[in-house]
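The next block holds one structure in the form of structure tokens; read it before the comments.
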Amino acid sequence: MALDIAPKRLPVPEQSAEERIKNFNDVVIGYSIEEAVAESARCLQCKNAPCIKGCPVSIDIPGFLKAIKEKDLEKSWDIISQYTNLPAVCGRVCPQEKQCEGVCTVGRIKGYEPVSIGKMERFIADWKAEHGSKVAPKVPEQTKGNVAVVGSGPSSLTVAGDLAKMGYKVTVYEALHAAGGVLMYGIPEFRLPKAIVRREIENIKALGVKIETNVAVGRSVTIEELQNHFDAVYIATGAGTPHFMGVPGTSLNGVYSASEYLTRINLMHGYEFPKYDTPTKESEKVVVVGGGNVAMDAARSALRLGAKSVQVVYRRSLEELPARIEEYHHAVEEGVVFNWLTNPVEYVGSETGNIVGVKCIRMELGEPDASGRRRPQEIKGSEFTIEADTIIEAIGQGPNKVLLRAFPELKLNKKGYIDADPETGQADPEWVFAGGDIVTGAATVILAMGAGKKAAEAIDKYITEKKAAGK
């Protein structure tokens, strides 16, 4: 099929690899208005719009792209802001290649690439921040009820913003000193600038949402207080408790979880030491264990902190790599070395207790496991050692236990996550709703946002029906 559109997407300007490994600035520079107009013209305006179905928050993608094509950027913003409270975030970190862009009709035609939907979402959000009106949004009076939101990550911010637009008084409780959850402590500055996160949070606060930091629900505020003062509670505390492999030598100095490593850098400004007094270890030879986005973030951060060599150890092959392909390509460009079909079996220490290397074993792929991926199996006698003065394990995280221990009445599933209805987020007790990683386990920002949108509608229905029944 021959179409009257460019077959290839317009390349997005980026910092060169040589330049960007010396700073923590946004890697992607982004489209100009002229480039955005040209890229939006590649959209076919499909009637069945598979891209909308592929978006967890169901953004009217053809609509906002058409407005950009027509150079009506204010209209484009109006369309996109009806569906998402975090467009500048989604445009940067969502796995569009597996969602909206993955089902784009243009990309399914031989020889054509999908429309660069994610970069267009980023463009319109950044344009609005720079050129848009500073007039506060019009929101309904907050008279429908009071809702507490525990945690301030993407799922929490989504449910808070949507409920505020419906006319609810919303209070968000965050245990750390800054709101944003994983957007602040987990994702590096070069992939998601913290000024962008703060900007999106300010937009949500402008809707009337109150955010209280340094409040650990279950300690600073009790569960009983939440039940007595609010009509419903939404819990989205994420999955921030790191997992460790437990190999011999895990307790050596220089072995980190990716969660601690990235939190020191991102939330606590470790990369700006000594301007901020949170140091990170000066490393020369870094080994990162894992193959997800968190592993890519840790590896690329280590390079920017001055490591001379950074290697990723992953027990499967490139075909099974769970990280976004864009993040993998960026890591390779920047000099990260990948050891495929390799797994640590021991961390080697010096006489003083410092890490000096990681003993690994080669793997081969066997039959598929429960995840559908082929199970890695050790190749006997294939051990070898990689020199390292820093090990960063990025093999996943689990639920934070502080709130869960303080709330024994809350029903959990076999894996220790909150047992909530996948369509509504309603949990047990019925006045509690939950979503995001605390329900699903570690997943993506946009899936957490999708859970927040569904839960906002369900909370509104629950409170409305309860008040109508006089309860």
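The values are calculated or read from the model by the stated rules, or taken from the named source; none is laboratory data. All of these numbers come straight from a predicted model, not from anything done at the bench. Cβ atoms come from the backbone with ideal geometry, glycine included; neighbour counts cover every protein chain shown. Just so you know, the surface numbers come from the protein's heavy atoms only, side chains and all, with ligands and any DNA or RNA stripped out. Shrake-Rupley method; radii C 1.70, N 1.55, O 1.52, S 1.80 Å.
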> When you look at E364, is it in contact (Cβ under 8 Å) with a residue 12 or more places away in the chain and part of a helix (DSSP H, G or I), yes or no?
Replying inline: no
>> For the list (1) open to solvent by 20 Å² or more (accessible area, probe 1.4 Å); (2) under 30 Å from W431 (Cα atoms); (3) at pLDDT 95 or above, I need the number of the one condition that P248 fails.
In response: (2)
> Of all residues in region 393-406, how many are out of contact with any Gly (no Cβ under 6 Å at 6 or more places or on another chain) and at pLDDT 95 or above?
Replying inline: 1
> Filtering region 31-42 down to residues that are surrounded by fewer than 19 Cβ atoms within 10 Å (Cβ to Cβ) and in contact with a helix residue (DSSP H, G or I) (Cβ under 8 Å, 6 or more places away or on another chain), which residue is nearest to T105 (Cα to Cα)?
Replying inline: A41
>> What's the total number of residues in region 301-313 that are under 21 Å from the mean Cα position of the chain (by Cα) and not in a helix (DSSP H, G or I)?
In response: 1
> What are the residues in region 392-450 that are among the hydroxyl-bearing types (S, T, Y) and open to solvent by 70 Å² or more (accessible area, probe 1.4 Å), if any?
Replying inline: T440
>> Name the single residue that is farthest from A125 (Cα to Cα) among those in region 10-29 being surrounded by fewer than 19 Cβ atoms within 10 Å (Cβ to Cβ), of a type outside the set (A, V, I, L, M) and touching a residue at least 60 places away in the same chain (Cβ under 8 Å).
In response: K22
>> Please determine whether any residue of region 338-354 is under 24 Å from P242 (Cβ atoms), buried (at least 16 other Cβ atoms within 10 Å of the Cβ) and at pLDDT below 95.
In response: no
>> Any residue at all in region 380-392 that's modelled with pLDDT under 95 and among the small types (G, A, S)?
In response: no
> Taking region 407-433 on its own, how many of its residues are modelled with pLDDT of 95 or more and of a type in the set (K, R)?
Replying inline: 1
>> Please go through region 59-82 and give me each residue that is of a type outside the set (K, R), more than 22 Å from I29 (Cβ to Cβ) and free of Cβ contacts under 8 Å to residues at least 60 places away in the same chain, ordered by number.
In response: D60, I61, P62, G63, A67, E70, D72, E74, D78, I79, S81, Q82
> Under the condition of being among the acidic types (D, E) and in contact with a Gly (Cβ under 8 Å, 6 or more places away or on another chain), which residue from region 368-391 is surrounded by the most Cβ atoms within 10 Å (Cβ to Cβ)?
Replying inline: D389
>> If the requirement is being on the phi > 0 side of the Ramachandran plot and either surrounded by 20 or more Cβ atoms within 10 Å (Cβ to Cβ) or not aromatic (F, W, Y) (or both), which of these qualifies: H229, H269?
In response: H269
>> Take the residues in region 212-232 that are farther than 15 Å from A175 by Cβ and among the hydrophobic types (A, V, I, L, M, F, W, C); name whichever of them is nearest to the chain's Cα centre (by Cα).
In response: A232
>> As an exercise: evaluate A468 against (1) open to solvent by 30 Å² or more (accessible area, probe 1.4 Å); (2) among the aliphatic types (A, V, I, L, M); (3) closer than 14 Å to G153 by Cα; (4) out of contact with any strand residue (DSSP E or B) (no Cβ under 9 Å at 6 or more places or on another chain) and give the number of the one condition it does not meet.
In response: (3)
>> Can you report the number of residues in region 291-300 which are open to solvent by less than 10 Å² (accessible area, probe 1.4 Å) and assigned to a loop (DSSP other than H, G, I, E, B)?
In response: 1
